[in-house]
Amino acid sequence: MDKALLEQVRDKLGADPRLAGCRISREGEEIHLARGDELFVRLIPAAAQGLWRMESFRNQERWEIIEFQGTLDECLEFLGAHPHYLFFE
């Protein structure tokens, strides 16, 4: 994965107050978002080039697919607009 892509995501997170404070890391081709040490969402490249899909870590037990695919910008906007994905339930 391109370092520029991670920097782009870091910039987007820092510019959106709804996502501020999120930590970003990379696991292979996946982008992981966390608050503190708690992982809560992973973005995974989708089959179509340039699109990503997301999974949310539910109740600190299992990954659950979020029924949304889009560009990285669209995924981050979706997460900001749906704050229940930003925290464990």
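The values are calculated or read from the model by the stated rules, or taken from the named source; none is laboratory data. None of the values given here were measured: they were computed from a predicted structure. No Cβ is skipped: glycine too gets one built from the backbone with ideal geometry, and neighbour counts run over all protein chains shown. For accessibility, only protein heavy atoms count, side chains too; no ligands or nucleic acids. Shrake-Rupley method; radii C 1.70, N 1.55, O 1.52, S 1.80 Å.
Remarks
- Output for segment 1-36, where each listed residue is basic (K, R) and within 15 Å of M54 (Cα to Cα): R26
- Residue within segment 59-74 that is open to solvent by 50 Å² or more (accessible area, probe 1.4 Å), touching a Pro at 6+ places or on another chain (Cβ under 9 Å) and not in a helix (DSSP H, G or I) present: no
Matching residues to (1) touching an Asp or Glu at 6+ places or on another chain (Cβ under 7 Å); (2) under 14 Å from L6 (Cβ atoms); (3) charged (D, E, K, R):
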residue: L43; (1), (2), (3): yes, yes, no
residue: E61; (1), (2), (3): no, no, yes
residue: E64; (1), (2), (3): yes, no, yes
residue: Q69; (1), (2), (3): no, no, no
residue: F78; (1), (2), (3): no, no, no
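For every residue, the table says whether it meets (1) buried (at least 18 other Cβ atoms within 10 Å of the Cβ); (2) acidic (D, E); (3) more than 16 Å from A81 (Cα to Cα).
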{"position": "E27", "(1), (2), (3)": "no, yes, yes"}
{"position": "I31", "(1), (2), (3)": "yes, no, yes"}
{"position": "A46", "(1), (2), (3)": "no, no, yes"}
{"position": "M54", "(1), (2), (3)": "yes, no, no"}
